[in-house]
Each structure stands twice: as C-alpha cells, then as structure tokens.
Amino acid sequence: MAANRTSIHGQWSSRWIFVLAATGSAVGLGNIWRFPYITAEHGGGAFVLIYLVCIILVGLPIMMSEIMLGRRGRRSPIHAMEVLAEEEGRSRHWRLVGVLGVFAGFFILTFYSIVAGWTLAYILRTVSGVFNGASAQETQDIFNALVSDPERLLAWHTIFMIMTVSVVSRGVKQGLEQAVRYLMPALFVLLLFLVGYSATTSGFSEAVSYLFKPDFSQIGPSTVLVALGQAFFSLSLGMGAIMTYGSYLSERASIPGTTAYIGVMDTGVALLAGLAIFPIMFSFGLQPEEGGPGLIFMILPIAFGQMSYGSILAFIFFTLLMFAAWTSALSILEPITAWLVEKTGYTRMKAAICSGFVAWLLGLGSLLSLNLWSEVKLFGMTFFSLMEHLSVNIMLPVGGLLISVFAAWCMSRSSSFAELKLSNNAYLAWKVAAMFIAPAGVILILLQEVFGFLG
Ligand code: PFF
C-alpha cells in the first residue's frame, strides 16, 4: 500500500537532492551562530563530545522516525499524522503533533528571520569596510545601533521573509530544489575556504585542542541538557520540517543511509564552523567565552577588522551565514505552506504568501522587543526570548518526543520495518533508541526546563 503513495506537492528529483535539502534545513544559524558560543560557554571539547553522543543516541533515531512518518504519510505533518494514526488504529488526536509543529514553526521564524536579517545587514557593513581597525567598543556600538533601530530591522526582516516566500512559493522542484542545488555547494565551498584560511593562523592549534580535547572539569549539571537541546535545534527535529521533506522522498531511497549523511554533514558543518571561527579569535587574543549570542556579530568582526583581507573574509563569512539561514527558513515555512495548500486548495503561491505574511507579522513582535518594547516582559522574558525559549526548549523537544513515541510504540512492526528496511539487528537498535533512549533524553530536558521555570 505504501508503495503507490505520492505527495500532491511533488517529489525530490533524487535522493541526493533530499540529502542536500535536509542538510540545508539542518545547517543554519544553529550551527554557525549558536554552536560556537554555547560550546564556548559550556567548556569546549567536553561539550562537543557530549553533543556528539546526543546526536547519535537521540537525534539520529528521531530523525529516522521523522523521515519515516513523512514518507509513509505523504502529506504535511498534521495530515500525515492523521492518516497514519488512522491506519495504525490510533487516536486522531495524534494530528496535534502536526499542529504543535505549525506553531513551533511560526515561533521559530519570528526570531530566525530577525537574526537572518542581521546577517544581511552585516554583509553590507563588511562591504563598506566599517570594521577595519574597529575596537571592541566600536563593534559593539555597530551591533547596538542595528538592533536598536526598528526601521532598519524591519527592512531586513521584510527582505529576508520575501526571499524565503519567493522560493517556497515556487514549489518543491522549482523552488526548494533549485535553491539548495546552488546554495548548499556554495555554502560548503565558502566554509572550507574559511577553514583553510583559519588553518594558516597562529590560533589554529589552540582552537583544535579547545574543540577536541575534553576538559571534564568544565562540565556542569546542565551541560548534557544544553547539548541535547542544541542537537535537536541543529538537526531541525521535532516540528515536522524533516517530516515534510521526507514526504517528498522516493520510495526507493534508504532512510537510514540518508539520515547518516544528514547527521554527518550537520555535525561536520558545526565543527568546521568552530574551526573557522575560534582560530581567528585566538589569533587575536579574543576570549570566546565572553561573546554570548553576540560572539559572531560583536567579537568576530574585531578580528576581521585587524587582519589583511579582513573585509573580504568577513563578507564571505556573513554570506555563508545568510545562505545557511535561508535554506533553513525554507524548511520552516514549507510544512505550513504545504498544509495550507492541502487544507484550503490555495495555489502554492497564495499559501506561501499567506503563511509568510503571518510569520512576518509575528516577527514584528521579536523585532520591537529588541528596542521599543524591550521593557515589555512576559514570564520575565522579552517577546524575542520567549519565542526562542518556547519553541526551541519546549515545543521541539515535545514534538520530537511524540514523534519518537508514535514511530516506535504506536506503529506496527510491519509498517516501520517496511519503511526503514534495516537488518534485524539494526532495526532492534533503532527501536531501543526510539522507544527508550530518545524519549528519556527529551523528558530529561523538559524536567530541567520545568524546574528551571519554577526555580
Ligand atoms: N536547524 C536549523 C539551524 O540549525 O539553524 C534551525 C531549524 C530549522 C530548526 C528547521 C527547526 C526546523 F524545523
């Protein structure tokens, strides 16, 4: 029965295109903006090691589950979950996993588009050469001038959203596929170029030992949980983005094989981003621990401003970051757009514009919370940080937990076995990970969140 299912939205031209698109979704601000600063905040190499364990034990089994549900359901997450639940004789309420994903997608886009807008703004700044010889105070002033100016932020937010909608509105083959076909190879080339440059700097060996020599004394009680959360966000799991991409995957492609590629590439890019960024900072005696979320926007430009050809390297860096953010944003808007097409019969163009407009509108909240509304707090957080917190730390883990539980506990062995096409032993390993290890890991994050909230 599964063999003759197809999605009304089309199918990827090849398994490689799927791997590129899913890698495009996974590789984003999470890898290049967030991974370096939280690695720095949580003890370097020890954190990286734990992160890798989380990717393998929790992330990859959930990713296999998500692709499997998408491909079997052949619809956007809400409808895919509905159909699969019915087929497996389970409650229709499983569709709520998809509903949660739609909300998570909107929430993520609200801040994602704003940070992506910063990267656009920074591409222009590097061209104008403002970072040449800039001091720490000056780079900080440049960043603050941007975030405190609602009109400039609005312009960049709008441009980024139009870029995203214009690709999604063209559909799977003409839009998503064409974008990732060019952007992803460009991203890899730019990244390798930067790593190549960093390898020639004096800080390279310090960076290598910083990233790969675990110093376990640096590990605190929250390290595992932060690593697990980062693994989730970075692999784009828990909101149906990967499920939607999986629904366009051919029957013949191997799910475990493609999952392995995506996992390796996403992790590889995060590590390479570290190998591009830290050597440059160490060479100039800058301390990554002090950067926080501004690491990339405030600290790195100090180093760029002091090196020869710094403007060119900075231009390459922020272009890379923008490409990465763009291909991820596509995958956040796609499930919502696909759902709207299925639900209302709208053309893809109309559906993409509607979902993009709602995301743009909500994004205004994040935008204003950086300046005019910076004093407005809900649960002690600005709109921007509330959206980030709710989506990344709560909705994605809950979504991932439910996806894993449905795939491993609610689907019949024959269905999952037929989709995954694993050997008996490998199937058993997936089952144990998806049934026990991944849910236990996620529950751990959530408990920490709840107690963090209460405490
Ligand atoms: N994985 C993306 C990143 O690392 O930036 C973020 C993301 C994309 C999260 C898509 C969730 C998602 F569905």
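Read-outs: derived from the displayed coordinates by stated rules, not from any lab. These numbers were taken from a predicted model, which means no experiment stands behind them. Glycine gets a Cβ as well: all are built from the backbone with ideal geometry, and neighbour counts include every protein chain shown.
For the charge dipole of the chain, defined by +1 on Lys and Arg C-beta atoms and -1 on Asp and Glu C-beta atoms about the Cα centroid, which residue among Tyr197, Pro61, Ser91 has the Cα displaced farthest towards the positive pole?
Going by the charge dipole, the pick is Ser91.
Can you check what the Kirkwood hydrodynamic radius comes to for the chain, Cα pairs only, in Å to one decimal? Mind showing how you got there, number by number?
On the way: mean 1/r = 0.0453 Å⁻¹.
Mean inverse Cα-Cα distance, inverted, gives 22.1 Å.
Give me the distance in nm between label points sitting 7 Å out from Cα along the Cα-to-Cβ direction at Thr6 and Ile162, one decimal.
About 3.6 nm separates the two model spin labels.
Just want the answer: with Cβ charges of +1 for Lys and Arg and -1 for Asp and Glu, which residue in Ser423, Ala329, Ala408 is farthest toward the dipole's positive end in segment 327-455?
Selected residue: Ser423.
Tell me which chymotrypsin sites (Phe, Trp or Tyr not before Pro) from segment 329-426 have a DSSP coil assignment and no more than 15 other beta carbons within 10 Å of their own.
Within segment 329-426, the qualifying chymotrypsin sites (Phe, Trp or Tyr not before Pro) (loop, at most 15 other Cβ atoms within 10 Å) are Phe379.
Please report, in debye to the nearest 20, how large the charge dipole of the chain is about its Cα centre when each Lys and Arg carries +1 at its beta carbon and each Asp and Glu carries -1 there.
Values: 24 positive and 23 negative charges, 320 e Å.
In total the dipole reaches around 1540 debye.
May I ask for the net charge around Ser25, where only other residues with Cβ less than 14 Å from the Cβ of Ser25 are counted and Lys, Arg are +1 while Asp, Glu are -1?
Values: positive: none; negative: Glu66, Glu177, Asp266, Glu334.
Charge balance in the 14 Å sphere: -4.
Treating only the Cβ atoms of Lys and Arg (+1) and Asp and Glu (-1) as charged, compute the dipole magnitude of segment 179-298 about its Cα centre; round to the nearest 20 debye. Spell out each step's value before the answer.
Numbers: 3 positive and 6 negative charges, 70 e Å.
Value, rounded to 20: 340 debye.
From the phi angles alone, apply the Karplus equation (6.51, -1.76, 1.60; θ = phi - 60°) to segment 421-436 and give each ³J(HN,Hα) in whole Hz, x where the residue is Gly or Pro.
The phi angles translate into 6, 9, 5, 4, 5, 5, 4, 4, 4, 4, 4, 4, 5, 6, 7, 10 Hz.
Using +1 on the beta carbon of Lys and Arg, -1 on that of Asp and Glu, and nothing else charged, what's the dipole of segment 1-116 about the Cα centre, debye to 20?
300
In whole Å, what is the distance between the alpha-carbon centres of segment 302-317 and segment 26-51?
Cα centroid to Cα centroid, the span is 22 Å.
Which residues in segment 212-256 have a backbone N closer than 20 Å to a point placed 7 Å from the Cα of Trp409 along the Cα-to-Cβ line?
238-240
Counting pairs on different chains as well as pairs 8 or more places apart, how many Lys pairs in the chain have Cα atoms under 27 Å apart? It would help to have the intermediate numbers written out before the result.
Details: Lys173/Lys343; Lys173/Lys350; Lys173/Lys421; Lys421/Lys431.
Final tally of qualifying lysine pairs is 4.
Between Ala155 and Met435, take the C-beta separation as r, use R0 = 35 Å, and let me know the FRET efficiency to the nearest 0.05. Write out the running numbers ahead of the final one.
Values: r = 48 Å, r/R0 = 1.38.
With R0 = 35 Å, the Cβ-Cβ based efficiency is 0.10.
Rounded to the nearest 0.05, what FRET efficiency do Glu290 and Ser222 have when you use their Cβ-Cβ distance and R0 = 22 Å? Could the numbers behind the result be given before it?
Working: r = 19 Å, r/R0 = 0.87.
According to the calculation, E is roughly 0.70.
Multiply the residue separation of Phe193 and Leu96 by 0.36 nm, subtract the distance between their alpha-carbon atoms, and state the gained length in nm to one decimal. The partial results should precede the final answer.
On the way: separation 97, 0.36 × 97 = 34.92 nm, distance 4.38 nm.
Fully extending the segment from Phe193 to Leu96 adds 30.5 nm.
Specify the inter-centroid distance of segment 211-235 and segment 93-154, based on alpha-carbon positions, in whole Å.
With segment 211-235 and segment 93-154 each reduced to a Cα centre, they are spaced 24 Å.
Specify which residue in the list Gln306, Val432, Ile108 is farthest towards the positive end of the charge dipole of the chain, using unit charges on the beta carbon of Lys, Arg (+1) and Asp, Glu (-1), about the Cα centre.
Of the options given, the answer is Val432.
Let me make sure I get this right: for segment 109-251, a, b and c are the square roots of the gyration tensor eigenvalues over alpha carbons, sorted descending. Under 1.5 in a/c it's rounded, otherwise prolate if a/b > b/c, else oblate. Which is it? Don't skip to the answer; put the middle values down first.
On the way: a/c = 1.58, a/b = 1.13, b/c = 1.39.
Cα axes put segment 109-251 in the oblate bin.
Full extension from Arg252 to Leu372: what is 0.36 nm times the residue separation minus their Cα-Cα distance, to one decimal in nm?
Values: separation 120, 0.36 × 120 = 43.20 nm, distance 5.26 nm.
So the chain would gain 37.9 nm between Arg252 and Leu372.
Of the peptides 121-128, 25-32, how do they stack up when ordered by the mean number of other Cβ atoms within 10 Å, highest first?
Details: 121-128: 18.0, 25-32: 27.0.
Output ranking for 121-128, 25-32: 25-32, 121-128.
Against the longest alpha carbon principal axis of the chain, how many degrees, from 0 to 90 and to the nearest 10, is the axis of helix 45-54 turned?
10
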